[in-house]
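Visitor: Structure provided below as structure tokens; questions to follow.
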Amino acid sequence: MEIPHRPPRRPHAWLPLLLLSQLLVAWVWWRWGWGAGLPLMLATHALAWWGVLAPNAALYGPVLSRLPWTGREIWLTIDDGPSDDTAAVLDLLDAHAAKATFFLVGDRAASRPELVREIVRRGHGIGNHSRSHPQARFWALGPRRMRGEIEDAQRQLAAIAGRAPRWFRSVVGHSNPFVHAPLRRAGLARVAWSARGFDAVQRDVDKVVSAIERDLAPGAIVLLHEGAPHGRSVEMIAALLQRLDALGYRAVLPAPAQA
């Protein structure tokens, strides 16, 4: 099902806004003193941090967090592969006639290319999830390192799969001012989510499925993971697929053969 694909058009639009905001802070501080200037400075800094840490924040560039669908279809997205779980997850998806987009880590894909090709062969989508998945510091990467993480992964995945991904998911959902310039060069659109169960850290399968179910709606983007350290990712995906069937939801791709 087609949706707008929106790579960033003005990836540096944040810079003049940032400069203007700090000029405003300086003027207010000069005109009315620290009692007015300091709260305004803290407010502008809090806004900048919100743009970095909030997965659905579009301060630095566009992000897709929900689809404009009206039927009972959702977009199932699975992060962090390929992994030892991938083959079993593919079998589960087949059993439930479900499609998903796998947001893959470039270095992991390069070490297991047969799994990437099997994802594509079975009619699923692939997305870019960085080259090395620097989970603790992705939010703080500078422009050179950020460009390498995104563009290197794009080359790795395109070479293995035979087609370049169209979608990008930030590591841990974080962004910063340097994410969107390489996205524009690579023709990638950033995707967040609207339903999650914290399945990468939560061990309780029922709690994960219940949390996702609370946010299910037509056009929801569901976030899942494979290869989580607790070892229950396949079990969680199986339980969610069963629940989706019971609720009458279908997991489909946003654009055939391109998601």
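The values are calculated or read from the model by the stated rules, or taken from the named source; none is laboratory data. It should be emphasised that the depicted structure is a prediction, and the values quoted were computed from it without experimental measurement. Reconstructed Cβ throughout: ideal geometry from the backbone, glycine too, with neighbour counts over all protein chains shown. The area values use the complete protein model at the heavy-atom level, side chains included, leaving out ligands, DNA and RNA. Shrake-Rupley method; radii C 1.70, N 1.55, O 1.52, S 1.80 Å.
Visitor: Looking at segment 64-86, I want the residues that are without any contact (Cβ under 8 Å) to a residue 24 or more places away in the chain and have a partner that is open to solvent by less than 10 Å² (accessible area, probe 1.4 Å) and of a type in the set (Val, Ile, Thr) with Cβ atoms under 9 Å, at least 6 apart or on another chain. Which pairs are those?
Guide: Filtered contacts from segment 64-86: no entries.
Visitor: Let me ask you something else. Any chance you could count how many residues in segment 121-139 are over 16 Å from Asp80 (Cα atoms), touching a helix residue (DSSP H, G or I) at 6+ places or on another chain (Cβ under 9 Å) and assigned to a helix (DSSP H, G or I)?
Guide: Looking only at that region, the number is 1.
Visitor: Can you tell me which residues in segment 85-116 are hydroxyl-bearing (Ser, Thr, Tyr) and buried (at least 22 other Cβ atoms within 10 Å of the Cβ)?
Guide: Of everything in segment 85-116, those that are hydroxyl-bearing (Ser, Thr, Tyr) and buried (at least 22 other Cβ atoms within 10 Å of the Cβ) turn out to be Thr86, Thr101.
Conditions tested, residue by residue: (1) closer than 16 Å to Leu224 by Cα; (2) among the aromatic types (Phe, Trp, Tyr).
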site	(1), (2)
Arg10	no, no
Leu59	no, no
Trp69	no, yes
Phe103	yes, yes
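Visitor: Output the residues belonging to segment 202-226 that are open to solvent by 10 Å² or more (accessible area, probe 1.4 Å) and either charged (D, E, K, R) or in a strand (DSSP E or B) (or both).
Guide: Correct list: Arg203, Asp204, Asp206, Lys207, Glu213, Arg214, Asp215, His225.
Visitor: Which of the residues that make up segment 45-83 are of a type in the set (Val, Ile, Thr) and open to solvent by 40 Å² or more (accessible area, probe 1.4 Å)?
Guide: Of everything in segment 45-83, just one residue is of a type in the set (Val, Ile, Thr) and open to solvent by 40 Å² or more (accessible area, probe 1.4 Å), namely Thr70.
Visitor: Assess whether Asp199 counts as being over 18 Å from Arg72 (Cα atoms), in a loop (DSSP other than H, G, I, E, B) and either out of contact with any His (no Cβ under 8 Å at 6 or more places or on another chain) or touching a residue at least 24 places away in the same chain (Cβ under 8 Å) (or both).
Guide: yes
Visitor: Continuing with the same structure: Please list, ordered by first then second residue, the pairs with beta carbon atoms under 7 Å, 6 or more apart or interchain, first in segment 217-245 and in contact (Cβ under 8 Å) with a residue 12 or more places away in the chain and of a type in the set (D, E, K, R), second in a helix (DSSP H, G or I) and open to solvent by 20 Å² or more (accessible area, probe 1.4 Å).
Guide: So the pair list comes out as Arg243/Glu213.
Visitor: Follow-up. Looking at (1) in contact (Cβ under 8 Å) with a residue 60 or more places away in the chain; (2) surrounded by fewer than 22 Cβ atoms within 10 Å (Cβ to Cβ); (3) among the hydroxyl-bearing types (Ser, Thr, Tyr), can you tell me which one Tyr249 breaks?
Guide: Looking at each condition in turn, Tyr249 falls short on (2).
Visitor: Follow-up question, since we're still on this one. Go through Ser210, Ser175, Ser194, Ser233 for me and flag whichever is closer than 18 Å to Leu104 by Cβ and hydroxyl-bearing (Ser, Thr, Tyr).
Guide: Every option except Ser233 fails the conditions.
Visitor: Among Ser130, Ser170, which is open to solvent by less than 10 Å² (accessible area, probe 1.4 Å), modelled with pLDDT of 95 or more and at positive phi?
Guide: Within the list Ser130, Ser170, the selection yields Ser130.
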